[in-house]
Amino acid sequence: MVAPLAGIRVVEASNWIAGPGAAAILADMGADVVKVEPLTGDVVRGLMRPPRVPDGTPSIDASFTVDNRGKQSVAIALDHEDGAAVMRRLVASADVFLCNLLPQRQVRFGLDPETLHEENSKLVHATITGYGMKGPDAERPGFDVTTFFGRGAITDAMTDPGSPAPAPRPAQGDHTTSLALVASILGALRLVDTTGEGQTVDVSLLATAAWTMASDLSPVLVDGRPPTKRDRRHLISALANRFRCGDDRWIILNMPEPRWWPGFCEAIGRPELLEDPRFATPRDRFENMPELTDLIDEAFASKPIAEWGQIFDDAGLIWGPASTIAELASDPQAEAVGLFPEVEHAAGPIRTVAVPIGISGADIGPRGPAPVLAEHTADVLAGLGYGTDEIEALATSGAIGLSDASA
């Protein structure tokens, strides 16, 4: 099989998760990705909960591995004059420059599109930010919790009336936005192939949030009326709700009315609901939703979720469990479609998460472990024509960092 991006060099100057996650996808697709880190390293190194391992086994930074596997690490001080020169020389060798630097910092370090396109006219310059590269908030830092979920209205949309706002788990908006960045980069590379001209890519957490919310957002853009927020006892359809089962697990339903209503009533053992005039039509069910929800709650409380799942499968009804993260990690369907490939690590092979891209006949998957900080500095700089003495002098001056692995 062929790696789709074999021969493409990506220089990544980003930290946290959204930018590195996009670069990890490109690496899984075969690109040669050089991750440029500050001399102190990406702030995410060691930040997330490490998995428990037996005594004497090397620690595993599993979260960092997801977004940085298969890359080379080069440590460069961008605010050092000589470090900035090394960086520009490195980018001159690249097909793609990927960063999460705010506009003013790009200009400060000489890494803005205009400057870099002068030195590399076919470069794809790709930036991922919270709010975009122009407008009043262009220089505002943003995380997925504050920008994607908060400003992007997702948190509000997920909050039941009168309930506190839910706390998102880490990086959901980051990883969603990383996919948008990858799609934009691939489109830009195609344009470079057809026009011979470099391209500038601008993807933001806010833009991805708007696209994520498009089904709710699009009518508001026309009439200005926000969607009505409803708690689970006042939804439009009882078959688009979630119910607590007898083992205290939640089952999630999503079946359009009215096609599924007769089969649903039979499946939950409440055929009498079909004859109840309060629930005769979708409109009747909507107007009597609190009473109907109470009756369905009572039915679901009689059996554990595993039994309900089998009943619904036999009846051809659409349902899903509110799985825990641990259950997802051992889900046989996820295993069957290859969602948890192995990646090499000093502790031995470990399972990680696959990128959600599938192309028949393509070699897509982890190329290796996440690098040690500055592991490849010496090798990468040597490939740019720096001699051993020059590399040592740059390290002594504080322009670059070397690790034991790269020294």
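Values quoted throughout were computed directly from the atomic coordinates according to the rules given, and no laboratory measurement underlies them. This one's a predicted model, so the numbers in the text were calculated from it and none came from an experiment. Backbone-built Cβ (ideal geometry, glycine too); neighbour counts: all protein chains shown.
Once the Cα atoms are used to define both axes, helix 172-195 deviates from the longest principal axis of the chain by about 60 degrees. The calculated FRET efficiency for the pair residue 48 and residue 223, based on their C-beta separation and a Förster distance of 45 Å, comes to about 0.60.
The protection proxy used here, the mean number of other Cβ atoms lying within 10 Å of each residue, ranks peptides 314-322, 32-40 as follows, highest first: 32-40, 314-322. Counting only DSSP beta bridges with both residues in the chain, the antiparallel share comes to about 30 percent. Peptide packing: for 304-311, 84-91, the average count of neighbouring Cβ atoms within 10 Å per residue gives the ranking 84-91, 304-311, highest mean first.
Kirkwood hydrodynamic radius for the chain: how many Å is it when counted over pairs of different Cα atoms?
Values: mean 1/r = 0.0412 Å⁻¹.
Every distinct Cα pair counted, the radius reaches 24.3 Å.
Working note: Karplus 6.51/-1.76/1.60 with θ = phi - 60° gives segment 155-170 the couplings 4, 4, 5, 8, 9, 5, x, x, 9, x, 4, x, 9, x, 6, x Hz, where Gly and Pro are set to x. In the neighborhood of residue 108, defined by Cβ-to-Cβ distances under 15 Å, what is the net charge if each Lys or Arg adds +1 and each Asp or Glu adds -1? That works out to -3.
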